[in-house]
1. Before we move on, is Phe179 under 29 Å from Val54 (Cα atoms), surrounded by fewer than 16 Cβ atoms within 10 Å (Cβ to Cβ) and within 20 Å of the chain's Cα centre (by Cα)?
2. Scan the stretch 203-247 residue by residue and report those that are under 24 Å from Met188 (Cβ atoms) and among the hydroxyl-bearing types (Ser, Thr, Tyr).
3. Just the residues that are modelled with pLDDT of 95 or more and of a type in the set (Val, Ile, Thr), please, taken from the stretch 158-191.
4. Return the total of residues in the stretch 189-212 being in contact (Cβ under 8 Å) with a residue 60 or more places away in the chain and either farther than 23 Å from Lys278 by Cα or of a type in the set (A, V, I, L, M, F, W, C) (or both).
5. In this structure, is Lys34 under 26 Å from Gln95 (Cβ atoms), charged (D, E, K, R), touching a residue at least 60 places away in the same chain (Cβ under 8 Å) and in contact with a strand residue (DSSP E or B) (Cβ under 9 Å, 6 or more places away or on another chain)?
6. Search the stretch 1-25 for residues that are more than 24 Å from Asp178 (Cβ to Cβ) and in contact (Cβ under 8 Å) with a residue 40 or more places away in the chain and pair each with any residue that is in a helix (DSSP H, G or I) and hydrophobic (A, V, I, L, M, F, W, C) when their beta-carbon atoms are under 8 Å apart and the residues are at least 6 apart or on different chains.
7. Which is among the aliphatic types (A, V, I, L, M), surrounded by 15 or more Cβ atoms within 10 Å (Cβ to Cβ) and out of contact with any strand residue (DSSP E or B) (no Cβ under 7 Å at 6 or more places or on another chain), of Leu124, Leu116, Leu130?
Amino acid sequence: MKSGFVAVLGRPNVGKSTLVNSLVGTKIAIVSPKAQTTRDAIQGIVTRPEGQIVFVDSPGIHIPKQELGRRMMREVSRAADGCHALIVVVDATKQTGPGDRAAVETAARAGIPAILCLNKVDRLPNKGELLPRIAELKEMFTFDEYVPISALTGEGVDTLVKLIFDRLPEAPAFYPVDFITDQPERFMAAEIIRERILHESEQEVPHSTTVVIDQWKETHKLLRLSATIYVERTGQKAILLGEKGMKMKQIATLARESLELRFSKKVFLEVFIKVKPKWRDQQSFIRSLDRYRFSMGE
């Protein structure tokens, strides 16, 4: 039996979370068209007869401008630390950018088996376009393998899993066979609510929000949640509320529906919005969010 940890790196919006969800076979990481959707390193666990792979989905590599961004880049380093292999994901439909180069440089420094995934090949009218892109990236670093994939359709994903198992050490499984993620349910609930905000709001609003679950009461048939959405400015609160609170009602309804699908039971969701000026640049508040996240698993 082979088992190991595999970091998934890349710039924002290359499809890392979609890939991890595809590999695990269910949704454990939120996705949206917005950059920097993923803020935390999230583990997705794949257990097969040949062994277990723990994929570590990381935030998109970018140049941080605020404390939240700097903390996200620390999450990238934490994701790669101690892994047995890593995957660098690039968008096959776009030119190589600074984030791609930074991900490749991280792979070069890691000194562990590294696989380059060229994602979104389902959008390429001509697969021959991949060859010059691979040649360009080869000049930066020679990966163990170059795998064209589509995280959305699943093309190439089974090949990727086989190549990863080939490079993992013999070891027992790290998690029970029925585990699919290391994330506490409260964290996942907060992320599902934030995902709806990302999809239903525009401009700076989605990046200026974070969600905290204040109350969690669960029975066999019902889950009662109370959540606080933090924003940075009064104007952002007004945008999320919408006219007569209708925008927030829509977000809460869609979030509740997603929560019911995730937890397979009826959900009662109560949502509040609070203004926390410049919270993304407040180290103490960012740390309190980290303490909150890790305490949820206790």
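The values are calculated or read from the model by the stated rules, or taken from the named source; none is laboratory data. No experiment lies behind these values; they were computed from the predicted model shown. Neighbour counts are summed over all protein chains in view; Cβ atoms, including those assigned to glycine, are modelled from backbone coordinates with ideal geometry.
1. yes
2. Those that are under 24 Å from Met188 (Cβ atoms) and among the hydroxyl-bearing types (Ser, Thr, Tyr): Ser208, Thr209, Thr210, Thr219, Ser226, Thr228, Tyr230.
3. Selection gives Thr159, Val161, Ile164.
4. 5
5. no
6. Leu9/Val76; Leu9/Ala79; Leu9/Ala80; Leu9/Ala103; Leu9/Ala107; Gly10/Ala103; Arg11/Ala102; Arg11/Ala103
7. Result of the check over Leu124, Leu116, Leu130: Leu124.
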